[in-house]
Amino acid sequence: MVMFAAFLVGLFAAQPVAPAPVALKADAPKLVVVISVDQFSSDLFDEYRPQFTAGLARLSGGTAFRNGYQAHAATETCPGHSTILTGSHPTHTGIIANSWVDQSLTRSDRTVYCAEDERVPGTSSTSYTVSPLHLRVPTLGDLLKQQSPQSLNVAVAGKDRAAVMMGGHNVDQRWYWDGKTFTTDLKSAAVPETINKAKVAIAGAIAVPQAGLNPPPFCQAKSTPAAVSPTLSVGAGRFARAAGDAKAFRASPEFDGAVLAIAAGLIQELKLGQDAATDVISVGLSATDYIGHGLGPGGGEMCLQLLSLDRNLGDFFNVLDRSGIDYTVVLTADHGGMDIPERLRSKGVTDAARADPALTTVEVGKAIAAKLKLSGPVLLGDMAGDVWIDRSLKTADRARAEREAIAIFKAHPQVEAVFTSREIERLPVPTASPDQWTIEQRVRASFDKQRSGDLYVALKKNVSPIAKPGAGYVATHGSVWDYDRRVPILFWRRGAAPADRQDHVSTVNILPTVAAEIGLQVPASLDGRCIDGVEGVACPSH
């Protein structure tokens, strides 16, 4: 596999540095590096931690929380990334899901993508203009630039929604993969030479076939085929790739290597962390998620991915070390993930199952329409999670449809709970330790009155909402359960003593903790609070 940082290191000659303001704190790090590994659950972290020898081993030797939480119910990419650098739950960020239904839209597509601007004529939720429009709160970078205008805020990610939700509204550079190459939504930003060189290098890599990886013994033990269907097995793949297959490139360890290479190049070219103003770069690594969806997180493919990620992160940190930059790192994830039920059952998880196709909103809506003699879809949304009732129905019919939907969902043996928006809204936003939250409280932390559904349907534990798996999509996340909620949160700065922490913390605690480390003022209204006892961080009195 290619580690693209090797192409980029040393390409940019030193330039005179303009005067900059004094750092926020005298001992503040000059560069804050925040890394999200998409679908990197605490279960995976615990399992593979003894195998890490490079970058993830380094971070594990800092202040390591194995019981971090994306505490809310909407354990998807966009909501999860919206919490990491805002200090706020989705109920306050406004990012309740990767997409939601807005029945007030005049366009034919009533679905809204979390990182789009649906006001742009001719766009849809699948063909959209990337925008931070829906993010209602500032990010770390936004707040940093308010207090220290000469600070730089840079984001690079494998997904647009990761780059948007971590970078925020006021970014100096934002780059993400669009399916073919790296692009940006910033019209006025000059294109760094790093991006031009990376595009050429990546296109060249995709153009040639890739031989499969040779799994080490630890991965060989996991490389057992698991049948998902009569025609599809996963578990023993090695990431061999045909020439020109960009989708296979995206779902391979090469993809994270490319993102880290771009991040390393941008740090060097933009001189991040090389003057008196503290800068921030957020890095979204997406390959773990694509591999988890397409192959499941429990097989040999994920083993190869995580060991490759460990090495690539090690290379990335070595680049920063050679630069002499005083930097601090936070690594976490936007959510976890559930393995394929077929493999879970072979490991003794007897209740692991795929959801009944009859639970989709389409099928339940059809059943309600037939029984109540209603026209239209009746229900909108996907399998489980937020469900919207068709607003074209008369008020009385909407009430009848809601009662019937609740009855159908609650009667199904794969459904754990059903809540109305009225029930959720009257709950206070939870503030207790995230491991103690009830299911309803988890839903409350994701609830937005303007965007959330009329109902919220929670499937039972170990029930995958993928009723009919196919190539590229066999496993997923998005549930209220801890295999989707629990993520590692790792803080590292050179010289800080190692500390393994077992206490339960949330991703909303990251922003106030980093803010205390660099001396940044943050709003008192945040859901998160600075974590006491993180090495090198002195929290303000609460």
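Here, each number is a calculation from the coordinates, and none is a lab measurement. If you're wondering where the values come from, they're calculated on a predicted model, not measured in any experiment. Reconstructed Cβ throughout: ideal geometry from the backbone, glycine too, with neighbour counts over all protein chains shown.
Apply 1/(1 + (r/R0)^6) to the Cβ-Cβ distance of residue 356 and residue 525, taking R0 = 56 Å, and write down the FRET efficiency to the nearest 0.05. Working shown, then result.
Working: r = 42 Å, r/R0 = 0.75.
Computed FRET efficiency for residue 356 and residue 525: 0.85.
So for the pair residue 208, residue 406, with labels modelled 7 Å out along Cα→Cβ, what separation do we get in nm?
Going from the residue 208 label point to the residue 406 one covers 6.3 nm.
Could you list 114, 78 in order of exposure, starting from the residue whose Cβ has the fewest other Cβ atoms within 10 Å?
78, 114
To make sure I understand, if each residue's beta carbon is the centre and we count other beta carbons within 10 Å, what order do 427, 24 fall in, fewest to most?
Details: 427 15, 24 20.
Sorted ascending by nearby Cβ count, the order is 427, 24.
For residue 133, what charge total do you get from the other residues with a beta carbon under 11 Å from its beta carbon, if Lys and Arg give +1 and Asp and Glu give -1?
On the way: positive: 119, 136; negative: 116, 117, 118, 185.
My count for the surroundings of residue 133 gives -2.
In nm, to one decimal, how far is the residue 538 label point from the residue 150 one, both placed 7 Å along Cα→Cβ?
With each label point 7 Å from Cα toward Cβ, the separation is 2.5 nm.
In whole percent, what relative contact order does the chain give with Cα contacts below 8 Å and a gap of six or more residues? Write down the numbers at each step before the final one.
Details: 1230 pairs, mean separation 151.2, N = 542.
Reported as a whole number, the value is 28 percent.
Nearest 0.05, what FRET efficiency do residue 375 and residue 181 give at R0 = 41 Å with Cβ-Cβ as r? All intermediate terms of the calculation are to be shown ahead of the outcome.
Values: r = 45 Å, r/R0 = 1.10.
Efficiency for this residue pair is about 0.35.
Summing +1 for each Lys or Arg and -1 for each Asp or Glu, what net charge is found among the other residues whose Cβ lies under 13 Å from the Cβ of residue 168?
Details: positive: 136, 145, 161, 174; negative: 142, 172, 185.
So the surrounding residues net to +1.
Check the straight Cα-Cα distances from residue 373 and name the lysines below 28 Å, setting aside those fewer than 8 residues away within the same chain.
394, 410
Amide H neighbours of residue 270 under 5 Å, at least 5 residues apart or on other chains, H built in the peptide plane: list them.
none
Could you work out [θ]222 nm for the chain from helices alone, using -39500 (n - 2.57) per DSSP H run of at least four and dividing by all its residues? Round to the nearest 500 deg cm²/dmol. Don't jump to the answer; show the numbers that get you there.
Values: 20 runs with 178 residues, N = 542.
For the chain, the value works out to -9000 deg cm²/dmol.
Neighbour counts of other C-beta atoms within 10 Å: give me 86, 513, 350 arranged from fewest to most.
The order, fewest Cβ neighbours first, is 350, 513, 86.
Could you work out the local net charge near residue 467, counting Lys and Arg as +1, Asp and Glu as -1, over the other residues with Cβ closer than 12 Å to its Cβ?
Numbers: positive: 354, 468; negative: 356, 363, 382.
Neighbour charge sum, excluding residue 467 itself: -1.
Just one of (i) 54, 32, 26; (ii) 40, 32, 20; (iii) 37, 27, 23 is semi-axes √(5λ) of the Cα gyration tensor in Å as worked out from the coordinates here. Which one is it?
(iii)
Quick one: if you stick a label point 7 Å off each Cα along the C-beta vector at residue 345 and residue 240, how many nm between them?
In this crude label model, residue 345 to residue 240 measures out at 3.0 nm.
Please work out how much length the chain gains when fully extended from residue 136 to residue 120, using 0.36 nm per residue of separation minus the C-alpha to C-alpha distance, in nm with one decimal.
Values: separation 16, 0.36 × 16 = 5.76 nm, distance 1.90 nm.
My answer for the length gained is 3.9 nm.
Checking the cross-link filter: which aspartates and glutamates have an alpha carbon closer than 16 Å to that of residue 30, excluding same-chain neighbours under 8 positions apart?
269, 275, 279, 321, 326, 517
How much length, in nm to one decimal, is gained on full extension between residue 429 and residue 394, taken as 0.36 nm per residue of separation minus their Cα-Cα distance? Write out the running numbers ahead of the final one.
Numbers: separation 35, 0.36 × 35 = 12.60 nm, distance 3.21 nm.
Length gained between residue 429 and residue 394: 9.4 nm.
Hey, which of these cross-link pairs are over 29 Å Cα-Cα: 145/247; 180/460; 371/468; 347/468?
From the list (145/247; 180/460; 371/468; 347/468), the Cα-Cα distance tops 29 Å for 145/247; 180/460.
Note down the magnitude of the dipole of region 325-420 about its Cα centre, charges +1 on Lys and Arg C-beta and -1 on Asp and Glu C-beta and zero elsewhere, to the nearest 20 debye.
Values: 13 positive and 14 negative charges, 129 e Å.
Taking the Cα centre of region 325-420 as origin, the dipole is about 620 debye.
Loop-only trypsin sites (Lys or Arg not before Pro) in region 145-240, please: DSSP not H, G, I, E or B, and at most 14 other Cβ atoms within 10 Å. Numbers along the way, then the final one.
Numbers: sites: 145, 159, 161, 174, 180, 187, 197, 199, 222, 238; in loops: 159, 180, 187, 222, 238.
When the trypsin sites (Lys or Arg not before Pro) of region 145-240 are filtered for loop state and at most 14 Cβ neighbours within 10 Å, 180, 187 remain.
Spelling out what I want: for every residue of region 481-495, take phi, set θ = phi - 60°, compute 6.51 cos²θ - 1.76 cosθ + 1.60 (Karplus), and round to whole Hz; glycine and proline get x.
Once rounded to whole Hz, the list reads 8, 5, 5, 9, 8, 7, 9, x, 10, 10, 10, 9, 8, 4, x.
Please identify the helices of the chain, taking whole runs of DSSP H, that span at least 18 Å along their own axis as judged from the Cα atoms and have a mean Kyte-Doolittle score of 0.0 or higher.
193-207, 253-269, 300-323
Can you tell me the FRET efficiency between residue 196 and residue 170 if r is taken as the Cβ-Cβ distance and R0 is 25 Å, rounded to the nearest 0.05?
Numbers: r = 24 Å, r/R0 = 0.97.
Result of the calculation: an efficiency of 0.55.
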